[in-house]
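Chemist: Have a look at this one.
Read-outs: derived from the displayed coordinates by stated rules, not from any lab. Remember, predicted model here, so these are calculated numbers, not experimental data. Cβ atoms come from the backbone with ideal geometry, glycine included; neighbour counts cover every protein chain shown.
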Amino acid sequence: MELFLVTLKTLLSLALAAAVWYLFHYYSSSWLRFQRVRKKLCVQGISGPPPSFLSGNLQEMQQIELKASKARNHSEIVAHDYTSTLFPYFDHWRKEYGQIYTYSTGLRQHLYVNDLEILKELNQLNTLQLGKDSYMTKVLQPMLGNGIIRSNGQLWAHQRKIIAPEFFMDKVKGMVGLMVESTVPLLKKWEAAIDAKGGLATEINVDDDFRSFSADVIARACFGSSYVKGKQIFSKLRTMRTTITKQGFLFGHNSSRFLPNNKKVSTLEREVELLIWETVNQRQQECLDKSSGQKDLMQLILESAVNDASVAPQKFIVDNCKNIYFAGHESTAITASWCLMLLALHPEWQSHIRQEVAKVFTNGLPDADSISRLKMVTMVIQETMRLYPAGAFVTREALEETRIGNILVPKGVCMWTVIPTLHRDPDIWGPDANEFKPERFINGVSKACKSPQGYIPFGLGTRLCLGKNFAMVQLKVLLALIVSKFTFSLSPSYRHSPVFRMLVEPEHGVYIQIQKL
């Protein structure tokens, strides 16, 4: 018995020693690979904060974030420059190292790029060697699957070929009528709320109403169903987004608390997929019942999945539906909320829009022709997306070693462009970069700033947002109809606090005081 215990103890000691050796060897080799990648950037003249062993710059990021939080000034009601609050480490390092620098999270090397010349090169580069960063999209897998937002390479190219034509401007103009129909319930709801107050100014939180509106539009335009059918899907996707995007998810802080071991997210993922598949089955039956007619996006996805032997049909369909449901309404709804906030602060621009709508619309309603002539509305939307772009970053991972301008980006390095910082750079936009001035876009984007690459609310390059036209027309319809029927100001209840939850949104919602004209 004693011999057995001694042998067991020896074996356990050897196993522990082997495990320790393996871990040491793994991390040592990983650290050496990390150092080689960092050196490739440093020899090109790219500097950055020195990393710590294994943790990289994560601890420094947390310290900068904590310091910024303590120093935050809450005295101003609305301060449009929020980048130093949401992403203080980027702001801190940019002041020290310039518009291009390298930093790391754990053993992952990153490249911060807010340089116009490099962005110009990136915008023109047509290659599948650059894709979505793997470590962050892994976190988003339950919500986006392997659909067009998250996929890379040939799979991404295949999905883009199917989806992109559905959002060309000629098709989007044909959707103006249904966008108007989706706006009517919102207008009636607000009118009823004002009537209930005897016609007096009424406080309204616009956020949920805008989500309902944009969800209804995307569901009807692309899937032939009303918001009622997709309500559960949209609600669960939003809950999933909120659950995933807790503080620190972006760079892997406390990642053990998150995916893939998050039970709530896994449950939501299964529920969303079941709901989408029910909708797909219903859509298939509807297609069988109809002999012909114009195909919507759902039908095209169904046909592509059936005809392509390289993909699993159900997963292909569900993943892309999740992507379109999410991208089609969340960012548009958030942008609409920011638009209302800014217009509430600047009633003179409400007047400009009303005058324009009165001249352009026939019978007070938009159509495909009049939408393209809404110059004032377009300028307000463009300026809103400059100050409050829903997407905070453009990210690209070098799937292979890739040259971008004069920089050779090693394989595995992820590039980050901070959009709101770029949109506020006084060297690009002038000394009034933090002010709301839609008139800067009166002659288009090319004349509004130093370079078109300084304005990228929809991203850039080959992965430019496919729904750009769809979102712009939708926002024009919504804002034009609201401003033509109501006058509004910012409510005392409004608390200005942009927050990053995968998208930059109002943390406490947008509250306005509204009256009928």
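Chemist: With +1 on the Cβ of every Lys and Arg and -1 on the Cβ of every Asp and Glu, and nothing else charged, how large is the dipole of the range 45-516 about its Cα centre, in debye rounded to the nearest 20?
Modeler: Details: 54 positive and 46 negative charges, 83 e Å.
Here the size comes out at about 400 debye.
Chemist: Report the Cα centroid-to-centroid distance between the range 432-500 and the range 140-211 in angstrom, as an integer.
Modeler: Between the Cα centres of the range 432-500 and the range 140-211 lies a distance of 15 Å.
Chemist: On a 27 Å Cα-Cα criterion, which of the cross-link pairs 132/264; 322/476; 120/171; 39/70; 132/173 come out too long?
Modeler: Numbers: 132/264 25 Å; 322/476 25 Å; 120/171 29 Å; 39/70 35 Å; 132/173 30 Å.
The answer is 120/171; 39/70; 132/173.
Chemist: Same structure again: Considering only DSSP beta bridges with both partners in the chain, what is the antiparallel share in %, to the nearest 5? The partial results should precede the final answer.
Modeler: Details: 32 of 35 bridges.
Among the beta bridges of the chain, antiparallel pairing accounts for roughly 90 percent.
Chemist: How much mean residue ellipticity at 222 nm does the chain get from its helices, if each DSSP H run of length 4 or more adds -39500 (n - 2.57) and you divide by all residues, to the nearest 500 deg cm²/dmol?
Modeler: Values: 21 runs with 293 residues, N = 517.
Computed mean residue ellipticity for the chain: -18500 deg cm²/dmol.
Chemist: Positive end of the dipole of the range 45-516, charges at C-beta (+1 Lys, Arg; -1 Asp, Glu), about the Cα centre: which of 458, 436, 114 has its Cα farthest in that direction?
Modeler: Result: 458.
Chemist: DSSP loop (so not H, G, I, E, B), at most 12 other Cβ within 10 Å: list which chymotrypsin sites (Phe, Trp or Tyr not before Pro) in the range 27-60 pass both filters. Show your work: numbers first, answer last.
Modeler: Numbers: sites: 27, 31, 34, 53; in loops: 53.
Within the range 27-60, the qualifying chymotrypsin sites (Phe, Trp or Tyr not before Pro) (loop, at most 12 other Cβ atoms within 10 Å) are 53.
Chemist: Okay, next question. Once you mark the GluC sites (Glu not before Pro) that are in a DSSP loop and have at most 16 other Cβ atoms within 10 Å, what is the longest gap between them in the chain? Please list the in-between numbers first.
Modeler: On the way: sites that count: 76, 400, 401, 435, 507.
It works out to 77-399.
Chemist: Could you tell me the calculated FRET efficiency between residue 362 and residue 435, based on Cβ-Cβ distance and R0 = 30 angstrom, to the nearest 0.05? Please report the intermediate quantities before stating the final value.
Modeler: Working: r = 35 Å, r/R0 = 1.16.
The calculated FRET efficiency here is 0.30.
Chemist: Same structure again: Calculate I(q)/I(0) for the range 122-175 by the Debye formula, one identical point scatterer on each C-alpha and no solvent, and give its log10 at q = 0.22, 0.26, 0.27 Å⁻¹ to two decimals.
Modeler: -0.91, -1.02, -1.04
Chemist: Same structure, new question: What per residue convex hull volume, in Å³, do the alpha-carbon atoms of the chain yield?
Modeler: Measuring per residue, one finds 196 Å³ for the Cα hull of the chain.
Chemist: Using a Cα-Cα cut-off of under 18 Å, which aspartates and glutamates could be cross-linked to residue 138, ignoring same-chain neighbours fewer than 8 residues away?
Modeler: Qualifying aspartates and glutamates at Cα under 18 Å: 269, 273, 319, 397.
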